[in-house]
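Read the structure below first, then the notes.
The values are calculated or read from the model by the stated rules, or taken from the named source; none is laboratory data. Just so we're clear, the structure is a prediction, and the values are computed from it rather than from any experiment. A quick note on method: Cβ atoms are made from the backbone with ideal geometry, for glycine too, and the neighbour counts reach across all protein chains shown. The area values use the complete protein model at the heavy-atom level, side chains included, leaving out ligands, DNA and RNA. Shrake-Rupley method; radii C 1.70, N 1.55, O 1.52, S 1.80 Å.
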Amino acid sequence: MNSTNPEYDEYPGSGHVRPPDPNTPPTVEGRSKKLWMVDERTCLVRLVESLSSFTFNRHDILPGTGRLRLDFHELASRRLTESGVACSFIRRLDATAYLSRFRDTPPFEVIVKNRAVGSTTRKYPGLFGENESLPAPVVKFDYRCDPEDQPIADDYLRVLGLPVDEMRRIALKVNTTLTEWLAPHQLWDFCLIFGIDESGNPEIISEISPDCMRLRSTEGRPLDKDLFRHGYSDAEIIETWEGLVAGLRD
C-alpha cells in the first residue's frame, strides 16, 4: 500500500503504511497522542503537539514539540533496544507519527526517581529535601486514573498476575542506560508504561521524551517539560529541545 502523503515518503520504510484518513476517528485518543489500529498487533501513533501539567493546571498546543518529542523517542528507543530492553517502537513514519506494536496495557505506570522531586515531596512532606539526590533509585507504581494518578502497592499488581519484579528490573536498567546516554545532563526522574507481549513479557510502550522525564543541564537548567511548567516561552522550549536532540545525535 503506497502513501499519498509526501511527508511520509521522507522516512525510509514508511511508504507502504497509508496515513490515516483524517475523517476516521482514532481507536484511542488522549491529550498527547492519537492511535489507529493497522492490524491486530500493530498500531499507528500520532503525537498531538500539546503540553500538559496537572499540577500547574495547564494545557497548551505548542507546534514543533511533537516532532522533537518523536526525535527523542526514536533515538531513546534505539538506544534501549541495543541495550536489551524490549520497546514497542517499530519505525518512524513522518514528523509526528510512528508505527508501534500494540500490546495489552495494565492501567498503571512505573516511575523511577533519582531525586526527590514532584510527587515525592508533595505527597511525602518532610521525608526528603526538595531536589535532594536519593541514595539509590526509587521505583514506584502509580495507578492511572483521573484527576491524578495514585500510588498503588506492588502486591495489588502481583495478585493480578503481573510481572512486577521484572518490570522493576527493566525500569532500573532503563534508568542506567538513559543516565549514561544523557550524561553529562542529569536525569532526575522519568515514567514508563509497560505493555505485555504474547509470551507474558513486559515491553515498554510509552513515549520516552522530555515530556515524560525531568532532565537538568550541568548548570541546573531544566531541559524537560519543567520549561513549560515554569513559564518559559514557546520559543525557549523549542530552542532547548532542538539543542538537546542535536547533542544526542552528535
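Results for (1) outside any loop (DSSP other than H, G, I, E, B); (2) touching a helix residue (DSSP H, G or I) at 6+ places or on another chain (Cβ under 7 Å); (3) modelled with pLDDT of 95 or more; (4) open to solvent by less than 60 Å² (accessible area, probe 1.4 Å), shown as yes or no for each residue.
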position	(1), (2), (3), (4)
Ala136	yes, no, yes, yes
Val139	yes, yes, yes, yes
Pro147	no, no, no, no
Leu157	yes, yes, yes, yes
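Taking the stretch 174-200 on its own, how many of its residues are open to solvent by 60 Å² or more (accessible area, probe 1.4 Å) and over 22 Å from Val245 (Cα atoms)?
2
Would you point out the residue of the stretch 208-230, among those that are charged (D, E, K, R) and farther than 13 Å from Ser52 by Cα, that is surrounded by the most Cβ atoms within 10 Å (Cβ to Cβ)?
Arg214
Considering only residues that are charged (D, E, K, R) and either over 25 Å from Thr105 (Cβ atoms) or in contact (Cβ under 8 Å) with a residue 40 or more places away in the chain (or both), which ones fall in the stretch 173-200?
Lys173, Glu180, Asp189, Asp197
Considering only residues that are farther than 19 Å from Ser88 by Cβ and open to solvent by less than 40 Å² (accessible area, probe 1.4 Å), which ones fall in the stretch 159-173?
Correct list: Val164 only.
Determine which member of the set Ser83, Ser100 is of a type in the set (Ser, Thr, Tyr), touching a strand residue (DSSP E or B) at 6+ places or on another chain (Cβ under 6 Å) and at pLDDT 95 or above.
Only one candidate passes the filter, namely Ser100.
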